[in-house]
Amino acid sequence: MDQTDKYLADLSEELKKLDRKKINHLKSIIQLLIGSKKTLFICGNGGSAATASHMTCDLGKTILGKNPRFNQNRLRIICFNDNISLITAWGNDEGYDYIFSEQLKTLGTKGDCLIVITGSGNSKNIIEVVKEAKKIGVTTFGLLGFAGGKVKKLLDEHILVKCDDYGIIEDVHSILNHLITDYFKKI
């Protein structure tokens, strides 16, 4: 089997293993937020930061369908990765570990939801934002890879791509975004 066939076979295998109940649970969490005054926050590092930003765009606009300007069934959504000035200010002055948690302290309220996207689950800034969410009363959900890392036990719920290939983990997280977006576009 050549490298291309192996990669695609491995990706297909990971998709087959996804826990459908957990995917449906994530959809139900998001469904409760749509049209409410509660906010969905998303964050990640590296490739997961790009996925977080992409997911924020899709859930903030794409789910509104073909006539988005007239759809009032909206989701309040913020990606903590998208304000580079704020990220670098917190990172420079207080440390990179707090770039997400300090934003959540300012914006989060009880009943909001936080999605963290992480391959390793061991980034200190991801762990700190989840700890802060617990203090505030924000529901936490993780899209994780490998074995879930340290953050796995701190989360309310997670979907784990138990794989040791960052590319496949990130691909599956991206597919989960599109799967969830597609669901909300059609309801």
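Would you check which residues across segment 135-150 are over 13 Å from the mean Cα position of the chain (by Cα) and either crowded, with 20+ Cβ neighbours inside 10 Å or in contact (Cβ under 8 Å) with a residue 12 or more places away in the chain (or both) and list them? Talk me through it step by step, then tell me what you get.
Within segment 135-150, the first condition is being over 13 Å from the mean Cα position of the chain (by Cα), and the residues that meet it are 135-138, 146-150.
Listed by number, the residues that qualify are ILE136, GLY137, VAL138, PHE146, ALA147, GLY148, GLY149, LYS150.
Which one is farthest from ILE115 (Cα to Cα) among residues in segment 146-176 that are among the acidic types (Asp, Glu) and not in a loop (DSSP other than H, G, I, E, B)?
Filtering segment 146-176 down to residues among the acidic types (Asp, Glu) leaves 156-157, 164-165, 170-171.
Next, from what is left, pick out any that are not in a loop (DSSP other than H, G, I, E, B): 157, 170-171.
On the way: GLU157: 10, GLU170: 15, ASP171: 17 Å.
Residue satisfying both the conditions and the ranking: ASP171.
Whether a residue is aliphatic (A, V, I, L, M), at pLDDT 95 or above and surrounded by 14 or more Cβ atoms within 10 Å (Cβ to Cβ) was assessed, and ILE23 passes this test. Across segment 162-186, the qualifying residues are those that are within 24 Å of ASN67 (Cα to Cα) and free of Cβ contacts under 8 Å to residues at least 60 places away in the same chain, and the one among them that is nearest to the chain's Cα centre (by Cα) is ASP182. All told, GLY65 falls short of being of a type in the set (Gly, Ala, Ser) and either touching a Leu at 6+ places or on another chain (Cβ under 6 Å) or surrounded by 17 or more Cβ atoms within 10 Å (Cβ to Cβ) (or both). Elements of the type helices (runs of 4 or more DSSP H) sitting completely within segment 1-106 and holding at least 3 residues that are among the polar types (S, T, N, Q), in contact with a strand residue (DSSP E or B) (Cβ under 6 Å, 6 or more places away or on another chain) and under 21 Å from GLY121 (Cα atoms): these cover 47-60. May I ask you to list the residues in segment 107-134 that are under 10 Å from PHE80 (Cβ atoms) and either more than 16 Å from the chain's Cα centre (by Cα) or part of a loop (DSSP other than H, G, I, E, B) (or both)? Once the filter is applied, which keeps residues that are under 10 Å from PHE80 (Cβ atoms) and either more than 16 Å from the chain's Cα centre (by Cα) or part of a loop (DSSP other than H, G, I, E, B) (or both), segment 107-134 yields only LEU107.
The values are calculated or read from the model by the stated rules, or taken from the named source; none is laboratory data. All figures in this text were calculated on a predicted structure; none of them were measured in a lab. Using ideal geometry, Cβ is built from the backbone for each residue, glycine included, and neighbour counts are taken over all protein chains shown.
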